[in-house]
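As structure tokens, the structure follows; a few thoughts come after it.
The values are calculated or read from the model by the stated rules, or taken from the named source; none is laboratory data. Because the structure is predicted, anything quoted here is derived from the model rather than measured. Quick reminder, even Gly has a Cβ in these numbers, built from the backbone with ideal geometry, and neighbours come from all protein chains shown. Just the protein is used for accessible areas: all its heavy atoms, side chains included, with ligands, DNA and RNA removed. Shrake-Rupley method; radii C 1.70, N 1.55, O 1.52, S 1.80 Å.
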Amino acid sequence: MISAIVLGAGIGKRMHSQLPKVLHKICGREMIFYAIDSVKDVADNGVVVVINEAIPKEIFEGYEIKVQKKPLGTGDAVKVAIDGLDTDLVLITTGDNPLFEREDILGFYNFFKETNSDVAFISAESDDPTNLGRVVRIGNEFLKIVEETDATNEEKVIKEINTGVYLFKFEQLKKLLEKISNDNAQGEYYLTDALKIAKEEGLKVSVYKLPKKLPIYGINNRYELSIAEKIIQEKILKKHMLNGVTIHNPETQKIDYFVEIENDTEILPGCLLEGKTKIESNCVIGPFAQIVDSHISKGSTVKQSVVLSSYVGENCSIGPFAYVRPENLLVKNVKIGTFVEVKKSKFDEGAKVPHLSYIGDATIGKNVNIGAGTITCNFSGLEGNKKNPTYIEDDVFIGSHSTLVAPLVIRRGAYTAAGSVITQEVPEDSLAIARAQQVNKIGWVKRRKGQNG
Ligand code: UD1
Ligand code: CA
């Protein structure tokens, strides 16, 4: 039986952040979950995640959570984790280590079994070992891991580093943890000291040198965060491409971890696809589209636009330059065109808002055409903060520059004349003309030279 422990209780000072380090997101997902993913399949006895009090437990559904009250070091964090644990082997990784994959951990586990080790860890060659624990050997024999702050100048030039992934026989781990002290430059209980002690006590300590080289081993600052994000972004893009999505200029795309895209969709340059967005097949997205937590159905296009928390049905067209704010439903064949803002509205099949409009809190029927410059005045200014609804039934034609003062109903097949201010229900198949100049005569005075208003 193998239990995995993922350490995430450190504060991460070098991030200079209010947010605990392991909650910083990589491609829309907290970094610690990538580390959990790398070990969870090997850990047939479950995963224990060690967090601090500032991290909400609820986000770790399905994992055992242990809280380390004070960040006394990685050794102390493991002590907290094993309290009450019953297992044979313990696999440990750090929550700031998102670039390891399941295959790397499997390779390490097989090595551990083959070498019949009591203790083992993964080392790697690093071009820039600064701030990482160095692997000190005598000849080829492992001696100890020394942290940057405790290293001598000779030790600092060592390029073989500790990646922070370990396997221990559980019985040995328990005894070793009792023996580590905090007598070092940082005054912390180092997990790495357990390896040195194991070696001194004659246990079998093995070093698994990672067969590949990664640009970083652990994220300690925002620069390293960006390096990790670049690599994970490439993996996500590759997965979509291999599934049949065409992605142009991949270096310009931000496509988050949870985004789903079906085949034969094309992503043009400069898109941000975020949150739990799903894009069905045969869509054209971009250039420059931001889509967050939304569903885009087959055959739709979204160009140079923002779409937030909305459902877009089949064959809809959005943009260029549309702002689809949360809670819209576009049923099918709907057009939301240039410089149009929509919010909390339903657009039934074939409805069109081609240009320069604001439609909010509205229910728009089938084949309705809304002329340029139409505004639903959901907020009249006369009733506090109340937002009023607008209902426009099927086959209505709203003339350009109509002002629709809600609450309002426009019945099936009605027309409103261009430039109208509509304040009352418009009956079926009627033409409503309510232009300002028909209500109030326009007055004027002679303009003095240089007078603007
Ligand atoms: C650690 C290793 C170092 C290794 C490096 C790899 C130690 C002493 N050093 O250094 O040899 O090269 O990782 O990335 O282990 N954490 C806790 N509680 C604590 C302290 C840390 O849970 O009290 C967690 C952190 O949240 C983090 C992980 O342990 O996810 C590693 O801690 P960090 O402070 O980043 O260790 P490093 O100095 O990077
Ligand atoms: Ca680290």
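Restricting attention to segment 149-189, which residues are away from ligand 2 (no atom under 16 Å from the Cβ) and within 13 Å of L132 (Cα to Cα)?
E155, K156, V157, I158, K159, E160 - these are the residues of segment 149-189 that are away from ligand 2 (no atom under 16 Å from the Cβ) and within 13 Å of L132 (Cα to Cα).
Among the listed residues L203, L177, which satisfies the condition of being within 15 Å of ligand 1 (Cβ to nearest atom) and crowded, with 17+ Cβ neighbours inside 10 Å?
Step by step, each of L203, L177 is checked, and only L177 is within 15 Å of ligand 1 (Cβ to nearest atom) and crowded, with 17+ Cβ neighbours inside 10 Å.
Enumerate the pairs (first residue in segment 127-142 and within 20 Å of V165 (Cβ to Cβ) and outside any strand (DSSP E or B); second residue anywhere and open to solvent by 100 Å² or more (accessible area, probe 1.4 Å) and more than 9 Å from ligand 1 (Cβ to nearest atom)) with beta-carbon separation below 8 Å, excluding pairs fewer than 6 apart on the same chain, so at least 6 apart or on different chains.
D127/K213
Which one of these does Q172 not meet: (1) more than 36 Å from the chain's Cα centre (by Cα); (2) surrounded by 15 or more Cβ atoms within 10 Å (Cβ to Cβ); (3) free of Cβ contacts under 8 Å to residues at least 12 places away in the same chain?
(3)
Could you pull out the residue among L195, L214, L203 that is assigned to a helix (DSSP H, G or I) and either touching a strand residue (DSSP E or B) at 6+ places or on another chain (Cβ under 6 Å) or touching a residue at least 12 places away in the same chain (Cβ under 8 Å) (or both)?
L195
Can you pull out the residues in segment 143-167 that are part of a strand (DSSP E or B) and open to solvent by 40 Å² or more (accessible area, probe 1.4 Å)?
Passing the criteria: L143, K144.
Conditions: (1) within 16 Å of ligand 2 (Cβ to nearest atom); (2) among the charged types (D, E, K, R); (3) at pLDDT 95 or above. D128 meets all but one. Number of the miss?
So D128 meets the others, but not (3).
Does any residue in segment 96-118 that is of a type in the set (V, I, T) come within less than 6 Å, Cβ to Cβ, of a residue that is open to solvent by less than 20 Å² (accessible area, probe 1.4 Å) and assigned to a helix (DSSP H, G or I) six or more places away or on a different chain, and which pairs are these?
I105/S38; I105/V39
Let's see how each residue does on (1) away from ligand 2 (no atom under 16 Å from the Cβ); (2) open to solvent by 30 Å² or more (accessible area, probe 1.4 Å); (3) of a type in the set (K, R):
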residue: K209; (1), (2), (3): yes, yes, yes
residue: P215; (1), (2), (3): no, yes, no
residue: G218; (1), (2), (3): no, no, no
residue: L225; (1), (2), (3): no, no, no
residue: A228; (1), (2), (3): no, no, no
residue: K235; (1), (2), (3): yes, yes, yes
residue: K239; (1), (2), (3): yes, yes, yes
residue: L242; (1), (2), (3): yes, yes, no
residue: T246; (1), (2), (3): yes, yes, no
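Within segment 66-103, how many residues turn out to be within 14 Å of ligand 1 (Cβ to nearest atom) and either open to solvent by less than 40 Å² (accessible area, probe 1.4 Å) or touching a Leu at 6+ places or on another chain (Cβ under 9 Å) (or both)?
Going through segment 66-103 one residue at a time, the tally reaches 21.
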